[in-house]
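K.L.:
Sharing a structure, written as structure tokens. Questions coming.
The values are calculated or read from the model by the stated rules, or taken from the named source; none is laboratory data. Note that the structure is a prediction, hence the values are computed from the model and not measured. Virtual Cβ from ideal backbone geometry, glycine too; neighbours counted across all protein chains shown. Only protein heavy atoms, including side chains, enter the accessible area calculation; ligands, DNA and RNA are left aside. Shrake-Rupley method; radii C 1.70, N 1.55, O 1.52, S 1.80 Å.
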Amino acid sequence: MAIERTMNFFEFALQNERLRLLSTGALWWPKAGTLVVSDLHFGKSERVARRSGQMLPPYETRDTLARLDADVLATKPQRVICLGDSFDDDAAREGLGIAEKLWIARMQAGRDWVWITGNHDPALHDLGGRSRPELSVGPLVFRHITTRSPGEISGHYHPKARLVLRGRSVSRPCCLYDGTHAILPAYGTYTGGLDWLNPALRSLMAEDACAILTGQRPCAVPVPQGARA
Amino acid sequence: MLEQADANALLLIAPTGGGKTLAGFMPSLAELADGMHEGLHTLYVSPLKALATDIRRNLTAPVTEMGLPIRIEDRSGDTTYTQKRRQRADPPHILLTTPESLALMLSYEDAPRIFAGLKRVIVDEIHALAESKRGDQLMLGLSRLQALVPELRRVGLSATVEDPSAIARFLARHPDPCQILYADPGPAPDIAMLETGIAPPWAGGGGRYAIPAVLDQVKRHKTTLIFHNTRAQAELFFHDLWLQNDEALPIGIHHGSLSREQRAKTEEAMVNGSLRAIVCTGSLDLGIDWGDVDLVIQVGAPKNVKRLVQRIGRANHRYNAPSKALLVPANRFEVVECVAALEAVKERDLDGDPRGPGPRDVLCQHILIRAASGPFRAEELYAEVKTVGGYADLSRGAFDRCLDFVATGGYALRAYDQWQRLIERDGLWSLRDPRGTQRIRQNVGTIMDTDLVKVRLKNRRGGTPLGEVEEGFAATLTPGDTFLIGGEIVRYENLREMVVEVTRRPEKPPKIATFMGTKFATSTQLSRRILQMFGQEDWPELPDATRDWLHLQRNKSRLPETDRILVESFPFLGREYTCVYGFAGRNAMQTLGLLMTAQMETAGLHPLGFVSTDYATLIWGLDRLEDPAPLFDGDDLRTAFETWLGANAVMKRTFKQSAVIAGLIDRQTRGQRRSGKQATFSSDILYDTLRRHDPGHLLLDITREEALKGLVDFGRIEELLTRTAGRIDHVVTDRPTPLAAPLFLEAGRVPVEGAGTERLLEDEAARLMEGAGLAITQEDARRWRVPF
């Protein structure tokens, strides 16, 4: 399998299904041939410029697409699930360039592509693939915002972990999981993060939750318990 | 002063405390005495708000006494909104302000009306402003003022500097001449090394060994200022000083990380004479005359003769008495540096680096400010900018690139046609959306103090503020850690809404306060003096301990020379060490360390880490360096430099600063961060994205230029290579040499990066998981890697 030669990942289990968090923050479910990414936020810089006049480097959509393309190439999935907030808003989706739209279409070719709707992109749209508020596949359920149901994979919160290593502080987007459900990190390039100790986030996870840190070699650490709200 | 009152530009150079500020106002008072002038007459700009307030008090008293019809007001970030509005509608005769407040005033549409009658502008402490981007912003502001009122006369007030003509060029409208007036420099300072009777330690920067002798001096003087080079050192020294202060002499502490309330308290106590000493940092380099200070003690090497002289001037502000100062070298090497500095002071040989061309990020902000005040023509603004000394050589192409960046973002991908910030119509540039002015005003300024978080005592109703620490330092704290702030040991409890909450813990030893690690590099001139001293046969002027140490070094190896690079190689505890004596200052030696280890990595020498001081870099690794010469090949170093520079953390920090100044990302105010409402973008990610997709972008150019000048200091490596021209002495010994030995005790070791961080992360993750008793997944689900 391609993946075993080209990437590092961390494997964990949910409802006895073995899942792999890839170093990019995408989730690969080998048995179901399913690749899951969350919070792509395509068109963010355009929306920021429109709303505030700030002109960020307008390259985040193609940057995100390039990483997604690489993950798709490496895993050759039968199905891709985008877990919501794929577009920064409807106008940002409309404003996508021809090149970006074609790029998405090319990746969609020959596979089932599912856009889960999110709070940034609640409307259904026609950018290829199918669009729906949630999706169940076998024992797992995919939706944008968690309801803490068993076997659920969600996004929305952009979780980020912070560790102190011999006087150095390292902060990485992370996937949070406990025995019941998992929250994926944001995949988009210009997506900030919510600290894993933030009560709003910490209260969604069980006491013994773990965080899988993205990066060259994803690895898991326990989420500190003291900060639980 | 009055005789020269009509000069277009005039620079007055006088030692600290020469009453030069009031002299600067004499012509204004004379011209305003008849009560005929309407509106603003004189604008006074100083780097410190406190100074403006102080001058207002000192100036108002005689004006009121003499019954002169002159209105004097100050304006800064602390001035109330109503007061500011009133000042715009009805400006006082004399307005005292800061560069940032002036820039703000210039951003208003009614700027031409506010400044219509302006005759004079006085720039106080111009030598300090000239050292930073605040000075560039101010001079761009003056070019705007001069365009509004062409007859404007400029006066600069400066402390003693090494190159008055450079400051004069900085002040005057280019290419106008600038007259320079020199005040009597006064008697030579009474300056010496503090006799402690104890040899200083081999390494370190605290100067703690000298505390009994320092206390003794405090007792014998009315008021003593005890200067330190860093805030952390000031804190540690202050803490230990109090442990030995048996007579409970009233001694306070003052530095930029303390809360405003706490600093104000110390300043007040100082003014009313209830303190015998203040432990302080550069925060007291400028500012209010304290009056009764009769001794300045400098702990740690002065690094820079000019700053030392200006600090010494803080003692004895009476004009004809010599200032008294004592130097306390913190370690044995600094003894040499202190002696070299004493000689330089005696010979009045000041140091300083020439100012480079005006930074373009500040220019971008200036263009934004100009746009906020109303439509403008590019060629007119360009002509104005060219009258600023630092931008005199700016090409039209470079200017247009900045304008394009401000207007469109300047990206290779033309993405923002609809949303661009400035639009051109009939040759006039203006803001597309007039509401943009508010954002521009919020981001005015070049001071970067936004990476600080507040520290306060934890209690139910929001405790006493103690001060601020760097966000990076706060991020390394875990609950239970102790550190020093304001002389108190506190325990870190938690971070709440970007405030570090702490409790008092006097009984616990502090974790080292590493906040505010900014260290000045020893100046080129002072380094050269030290090298010259090494050339002497003997050193009767040095204390015995240091003198013996240098003889021993000459015996076992050799002493570094001015025109040569000394490299020593020796084994120690199973590692191979290489010590390079470059005397290029801390920042450049750090950069050299990074570059050399990168080269050694390529050469298969397996370097593991290095540590740098102002004079040397010590590298350790697995294999011995046989021939150092190839490592100093200029071209190779430059190539390594280009490769290394791009991904460097220093570059990212510099990018963030330039991106904020140039208006790409917003300055973060504390309120915004706390509410989390403001969308913020990681500047590191923006930097990486820009480098990947638009490597020729203006901001990357600016970042590179600024990093080279600042933290990377590659200029001094170039200087080193030119000075030594391949003359390298390689000494191989069987053990550490006397001069290299102290480097083993230096803090600030840098591991050679590579898989370093990942390795650390994995180890820590494994440790944490095991500690938590967590079985990560089923046993068969181990992480699994195949190298490809």
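K.L.:
Got at least one residue in region B:94-104 being more than 34 Å from the chain's Cα centre (by Cα), of a type outside the set (A, V, I, L, M) and at pLDDT 90 or above?
P.N.:
No, region B:94-104 has no match at all.
K.L.:
Okay, next question. Name the residue that is farthest from B:Leu457 (Cα to Cα), counting only residues in region B:256-271 that are surrounded by 18 or more Cβ atoms within 10 Å (Cβ to Cβ) and of a type in the set (D, E, K, R).
P.N.:
B:Glu267
K.L.:
Another one. For region B:292-340, enumerate the residues that are farther than 20 Å from B:Ala616 by Cα, open to solvent by 30 Å² or more (accessible area, probe 1.4 Å) and of a type in the set (Lys, Arg).
P.N.:
B:Arg307, B:Arg318, B:Lys324
K.L.:
Among the residues of region B:396-403, is there at least one that is outside the structural domain of B:His174 (by TED's automatic domain parsing), within 30 Å of the chain's Cα centre (by Cα) and within 20 Å of A:Lys44 (Cα to Cα)?
P.N.:
The answer is no; no qualifying residue exists.
K.L.:
When only residues in region B:661-671 that are within 14 Å of another protein chain (Cβ to nearest Cβ) and open to solvent by 10 Å² or more (accessible area, probe 1.4 Å) count, which is modelled with the lowest pLDDT?
P.N.:
For region B:661-671, the residue satisfying everything is B:Gln668.
K.L.:
Mind checking whether some residue in region B:55-77 is touching a residue at least 40 places away in the same chain (Cβ under 8 Å), under 24 Å from B:His174 (Cβ atoms), buried (at least 22 other Cβ atoms within 10 Å of the Cβ) and not polar (S, T, N, Q)?
P.N.:
Scanning region B:55-77 turns up no residue that is touching a residue at least 40 places away in the same chain (Cβ under 8 Å), under 24 Å from B:His174 (Cβ atoms), buried (at least 22 other Cβ atoms within 10 Å of the Cβ) and not polar (S, T, N, Q).
K.L.:
Does any residue of region B:74-82 turn out to be small (Gly, Ala, Ser) and under 21 Å from B:His366 (Cα atoms)?
P.N.:
Yes.
K.L.:
If you scan region B:160-181, which residues turn out to be hydrophobic (A, V, I, L, M, F, W, C), out of contact with any Ser or Thr (no Cβ under 7 Å at 6 or more places or on another chain) and assigned to a helix (DSSP H, G or I)?
P.N.:
Within region B:160-181, B:Ala166, B:Ala168, B:Phe170, B:Leu171 qualify.
K.L.:
Looking at B:Lys454, B:Lys458 in this structure, which one is within 22 Å of the chain's Cα centre (by Cα), charged (D, E, K, R) and either on the phi < 0 side of the Ramachandran plot or within 14 Å of chain A (Cβ to nearest Cβ) (or both)?
P.N.:
B:Lys454
K.L.:
Examine region B:230-249 for a residue that is in a strand (DSSP E or B), farther than 17 Å from B:Ser323 by Cα, within 19 Å of the chain's Cα centre (by Cα) and not polar (S, T, N, Q), and state whether such a residue exists.
P.N.:
Scanning region B:230-249, I find no residue that is in a strand (DSSP E or B), farther than 17 Å from B:Ser323 by Cα, within 19 Å of the chain's Cα centre (by Cα) and not polar (S, T, N, Q), so the answer is no.
K.L.:
Here's something else I'd like to know. How about region A:157-208: which strands (runs of 3 or more DSSP E) wholly inside it have at least 1 residues that are in contact with a Lys or Arg (Cβ under 9 Å, 6 or more places away or on another chain), facing another protein chain (nearest Cβ under 9 Å) and without any contact (Cβ under 8 Å) to a residue 12 or more places away in the chain?
P.N.:
A:168-177
Each row is one residue, and each column tells you yes or no for (1) of a type in the set (A, V, I, L, M, F, W, C); (2) more than 32 Å from the chain's Cα centre (by Cα); (3) at pLDDT 90 or above.
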{"site": "B:Glu561", "(1), (2), (3)": "no, no, yes"}
{"site": "B:Phe570", "(1), (2), (3)": "yes, yes, yes"}
{"site": "B:Gly574", "(1), (2), (3)": "no, yes, no"}
{"site": "B:Arg586", "(1), (2), (3)": "no, no, no"}
{"site": "B:Thr591", "(1), (2), (3)": "no, no, no"}
{"site": "B:Val611", "(1), (2), (3)": "yes, no, no"}
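K.L.:
Something else now. Does B:Val750 satisfy the condition of being away from every other protein chain (no Cβ under 11 Å), modelled with pLDDT under 75 and touching a strand residue (DSSP E or B) at 6+ places or on another chain (Cβ under 9 Å)?
P.N.:
When the stated conditions are applied, B:Val750 passes them.
K.L.:
Also: Would you say A:Thr147 is open to solvent by 10 Å² or more (accessible area, probe 1.4 Å), within 14 Å of chain B (Cβ to nearest Cβ) and either within 24 Å of A:Val80 (Cβ to Cβ) or acidic (Asp, Glu) (or both)?
P.N.:
When the stated conditions are applied, A:Thr147 does not pass them.
K.L.:
Now for a different question. Here is a check on your reading of the model: is B:Tyr411 in contact (Cβ under 8 Å) with a residue 24 or more places away in the chain, at the interface with another protein chain (Cβ under 8 Å from one of its Cβ atoms), out of contact with any strand residue (DSSP E or B) (no Cβ under 8 Å at 6 or more places or on another chain) and crowded, with 19+ Cβ neighbours inside 10 Å?
P.N.:
yes
K.L.:
Restricting to region B:367-403, name every residue that is open to solvent by 50 Å² or more (accessible area, probe 1.4 Å) and among the charged types (D, E, K, R).
P.N.:
B:Arg377, B:Glu379, B:Glu380, B:Lys386, B:Asp393, B:Arg396, B:Asp400, B:Arg401
K.L.:
I would also like to ask the following. Has region B:362-374 got any residue that is of a type in the set (Ser, Thr, Tyr) and touching a residue at least 60 places away in the same chain (Cβ under 8 Å)?
P.N.:
yes
K.L.:
Give the residues of region B:623-653 that are surrounded by fewer than 19 Cβ atoms within 10 Å (Cβ to Cβ), assigned to a helix (DSSP H, G or I) and at pLDDT 85 or above, sorted by residue number.
P.N.:
B:Ala629, B:Pro630
K.L.:
Name the residue that is modelled with the lowest pLDDT, counting only residues in region B:346-364 that are open to solvent by less than 10 Å² (accessible area, probe 1.4 Å) and either of a type in the set (Gly, Ala, Ser) or in a helix (DSSP H, G or I) (or both).
P.N.:
Selected residue: B:Gly358.
K.L.:
Which pairs turn up if I take residues in region B:130-157 that are over 17 Å from B:Gly117 (Cα atoms) and in contact (Cβ under 8 Å) with a residue 60 or more places away in the chain and look for partners that are open to solvent by less than 10 Å² (accessible area, probe 1.4 Å) and of a type in the set (D, E, K, R) with beta carbon separation below 6 Å, at least 6 apart in sequence or on another chain?
P.N.:
B:Leu157/B:Asp124
K.L.:
Residues A:Thr117, A:Thr75: which one is touching a Ser or Thr at 6+ places or on another chain (Cβ under 7 Å) and buried (at least 20 other Cβ atoms within 10 Å of the Cβ)?
P.N.:
Unique residue meeting the criteria: A:Thr117.
K.L.:
A further question on this structure: Would you mention how many residues in region B:434-457 are modelled with pLDDT of 85 or more and either under 23 Å from B:Arg505 (Cα atoms) or among the aliphatic types (A, V, I, L, M) (or both)?
P.N.:
5
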